[in-house]
1. Quickly work out the V168-to-V126 label distance, labels modelled 7 Å from Cα along the C-beta direction, and quote it in nm with one decimal.
2. Step through the table entries K197/K283; K197/K290; K193/K246, compare each Cα-Cα distance with 29 Å, and write down the pairs that go over it.
3. Collect residues whose amide H, placed 1.01 Å from N in the peptide plane, falls under 5 Å from the amide H of G300; neighbours closer than 5 in sequence don't count.
4. Ignoring ligands, DNA and RNA, what percent of the accessible area of segment 212-284 is carbon or sulfur (1.4 Å)?
5. Contour minus end-to-end for E218 and L312, with contour as 0.36 nm per residue of separation and end-to-end as the Cα-Cα distance?
6. In segment 250-338, which GluC sites (Glu not before Pro) fall in coil by DSSP and have 16 or fewer other Cβ atoms within 10 Å?
7. Give me, ordered by chain and number, the residues 5 or more places off H70 or on other chains with an amide H under 5 Å from its own placed amide H.
8. D for segment 198-287, whole µm²/s, Stokes-Einstein with Kirkwood Rh over alpha-carbon pairs at 20 °C and 1.002 mPa s: what number?
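The values are calculated or read from the model by the stated rules, or taken from the named source; none is laboratory data. Since this is a predicted model, take the numbers as computed values, not measurements. Quick reminder, even Gly has a Cβ in these numbers, built from the backbone with ideal geometry, and neighbours come from all protein chains shown. Calculation scope for accessible area: heavy atoms of the full protein, side chains included, ligands and nucleic acids excluded. Shrake-Rupley method; radii C 1.70, N 1.55, O 1.52, S 1.80 Å.
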Amino acid sequence: MASSVASKTFLAAPRTDGSLGSLLPDLRRQLPSPNVQILIRSRTPKKLQVKAAGSAFGTYFRVTTFGESHGGGVGCIIDGCPPRIPLSEADMQVDLDRRRPGQSRITTPRKETDTCKIYSGVSEGVTTGTPIHVFVPNTDQRGHDYSEMSVAYRPSHADATYDMKYGVRSVQGGGRSSARETIGRVAPGAVAKKILKQFAGTEILAYVSQAHNVVLPEDVVDHEMLTLDQVESNIVRCPDPEYAEKMIAAIDAVRVRGDSVGGVVTCIVRNCPRGLGSPVFDKLEAELAKAMMSLPATKGFEVGSGFAGTFLTGSEHNDEFYTDEFGNIRTRTNRSGGIQGGISNGEIINMRIAFKPTSTIGVSLISLPLSIKTNSHVGTTLPIVMYSLCFILLLWICSKPSFALLVLLPTR
């Protein structure tokens, strides 16, 4: 039986310049058998459309996130999780509860339970090795809060750039650009952390080291002894009580004005396996930068001494080697941040992620109506109802699963 295969041109290639599209009719006539027919239809060349598929992360342990801020819900598909790993919703819920909005006066007022449900990939309390589907419904959608966004772009948001790229956008809450998307990272990150803890004893902690203009000195926190209880001891997630109070006061000072602040999250990794990272384009810090900078509102990333290391000389910055009591090669200092030559060396990995002030604030702003050209000076007042005071309090938890997901990639 003859079969018909429809072929399409790629990027609207012309058919009269000796390209494959112009040669196919001649090739078809020279085929020795009529069993295969190639059907070529004339069509009008179309403008190249830029499309994107940037919602998946990983190679073998692969995570795809889905959902929008004010849609039916958000979630993820986890593919490549090893079988026979004990897993339940409760394992993910612990981290999802830490991430949950509306926990204090200095975060977003949105109220969500963030209750997750596993729909596949787990049987009788253990993973089966098949894709794990996790879903979290949205229960506090306030689409009416964003009615003004249908006629004007919010300053410093993704509204304008989404329209520039796709020609369409989700008006309610910013859609995929919302921090609510990070639920799809926290849930699989909890799985990844569990696997790392089980097989390598790896522990990942993160805390707020700067809120607005209040900076926690580096020598205040002992990364060898830091505990999760210390981080969780206050609403700002700073392990030092004195500086935690200063940060809360700084956030409260702008809260009463309806404004927002940014800050820095420090993330550390203890007992990280040696040898992670592959020169040259897959260096560990390069992969970490991509993972962390894909979080919403990120504007900066540092490992080890970071930018401050530029003020040192080589002799001041170098980490000298020594052999510990167990015969392991160690470094006396850790200005490299646990990574040398793009490869983990077994020391504590120390990184910092900078988050800008939340763009959604309670202050009326001036924006351009979509009906007028961008070079017009006519503006419209854009009131915002729901806003976040400090993004870092929501996203501090997201840096930990982002690292956990990264190091589970066997290609690294």
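1. 4.5
2. In this structure, K193/K246 lie more than 29 Å apart at Cα.
3. Counting only residues 5 or more places away or on other chains, the set is A354.
4. 52
5. Separation in residues times 0.36 nm, less the Cα-Cα distance, equals 32.2 nm.
6. E320, E325
7. G175
8. D, rounded to a whole number, is 143 µm²/s.
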